[in-house]
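The next block holds one structure in the form of structure tokens; read it before the comments.
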């Protein structure tokens, strides 16, 4: 049986891993949102040492109604190992220890770094961050096209759970907590047979175990802006699949806050930076139209799905994002410049 970590037994466990001396005293606090895994920041009193401890448990932390194999953290550790060996910039956090038996990752502590979604919300210039993330995804995708790699990333439970929430559930009858105006708009989309067909086709491609190694959740909330550059976290959905999905998710999170504020053009430098850097490392891997379609579907699920973002709290912002998302999903542009046009 899995040893369930708590704030009380954490010191003893870390001593067993060789990360602490006997008698060391700790300050322990939650780290991040903790939606999927049990995550704690650990500071060693009287020293400048700190790290983050992450344990995967059968029930998701914030959504215990979902039971998912704890092997998801094994795939996360593998993604980090592969990505750190391929990406020249330190975009992936350093893994200090991995305990596969107890499903525990001990990671470097990135401190109080700002999240990318917060930086986007305040209108910060983060084009360099998007270029770094584009280079990271391009390097990983270009080097991981071997079909045999799929056997090391059979992360089907997480991939299917995540895919359902992106492609399927937002476009079927549901009880997600939407305002009356957004619910009426969502109900119209449930009856849009062509849109549902587009989403179902993208979903089927997403589920195919071929293409390249994808992170699976390149959203702005999973990126920290540190002094040494952006850090991409939380690869527990990593699998072999459609590389356009990763890039599309990144593009969606550049576009969404700008569209919600009515300033679409502000997102264009971010998208161009990410796309240009990606193509340098993975030329011809995917088309921008494929990326844009995934971006549109991600924007829809962030507006009328379960994982809504703060930028669409107001109805006017949410409806604007839905309209932009539909254009991307139905008639995806061939170039980033056409996003604004």
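Read-outs throughout are calculated quantities, based only on the coordinates presented, and are distinct from any laboratory measurement. Note that the coordinates shown come from a computational prediction; the quantities given were computed from them, not determined experimentally. Note that we place each Cβ from the backbone using ideal geometry, even for glycine, and neighbour counts take in every protein chain shown.
Take peptides 301-312, 101-112 and line them up by average Cβ neighbours within 10 Å, highest first, as a rough protection proxy.
Highest-to-lowest ranking by the protection proxy: 301-312, 101-112.
From the list [x] 33, 22, 20; [y] 30, 24, 19; [z] 36, 21, 20, can you say which value of semi-axes √(5λ) of the Cα gyration tensor in Å was derived from the structure given?
Computed from the coordinates, semi-axes √(5λ) of the Cα gyration tensor in Å corresponds to [x].
Quick check: Cα centre of region 234-304 to Cα centre of region 148-214, how many Å?
Taking the Cα centre of region 148-214 as reference, the centre of region 234-304 is 16 Å away.
Under 8 Å for C-alpha pairs, at least 6 residues apart: give me the relative contact order for region 70-224, rounded to a whole percent.
That works out to 30 percent.
Compute the helix-to-body angle for 127-143: its Cα long axis versus the longest principal axis of the chain, expressed 0 to 90° and rounded to tens.
Helix 127-143 sits roughly 80 degrees off the main axis of the chain.
Against the longest principal axis of the chain, how steep is helix 288-304, in degrees 0 to 90 to the nearest 10, with axes from Cα atoms?
80
Suppose each label sits 7 Å from its Cα in the direction of the beta carbon; what would the residue 49-residue 16 distance come out to in nanometres?
Result for the modelled spin labels: 1.8 nm.
Could you work out the helix-only [θ] at 222 nm for the chain, with each DSSP H run of four or more residues adding -39,500 (n - 2.57) and the total divided by the number of residues, to the nearest 500 deg cm²/dmol?
Mean residue ellipticity at 222 nm (helix-derived): -13500 deg cm²/dmol.
Just need the relative contact order of region 10-108 here, percent rounded to a whole number, with Cα pairs under 8 Å and 6+ apart.
This gives 21 percent for region 10-108.
I'd like the FRET efficiency for residue 183 and residue 128, computed as 1/(1 + (r/R0)^6) with the beta carbon distance as r and R0 of 35 Å, rounded to 0.05.
According to the calculation, E is roughly 0.35.
Run the quick spin-label model on residue 165 and residue 8: label points 7 Å from Cα toward the beta carbon, then report their separation in nm to one decimal.
A separation of 3.1 nm, rounded to one decimal place.
Counting alpha carbon pairs within less than 8 Å and at least 6 residues apart, what relative contact order, in whole percent, applies to the chain?
Contact order relative to length: 17 percent.
Go ahead and run the numbers for FRET between residue 63 and residue 174, Cβ-Cβ distance against an R0 of 22 Å, rounding to 0.05.
Approximately 0.90, to the nearest 0.05.
Going by the alpha-carbon gyration tensor, a ≥ b ≥ c the square roots of its eigenvalues, is region 10-108 rounded (a/c under 1.5) or, if a/c is not under 1.5, prolate (a/b greater than b/c) versus oblate?
Judged from the Cα gyration tensor, region 10-108 comes out oblate (a/c at least 1.5, b/c at or above a/b).
For residue 314 and residue 210, what does the FRET efficiency come to when R0 = 56 Å and r is the distance between their Cβ atoms, rounded to the nearest 0.05?
Using R0 = 56 Å, I get an efficiency of 0.85.
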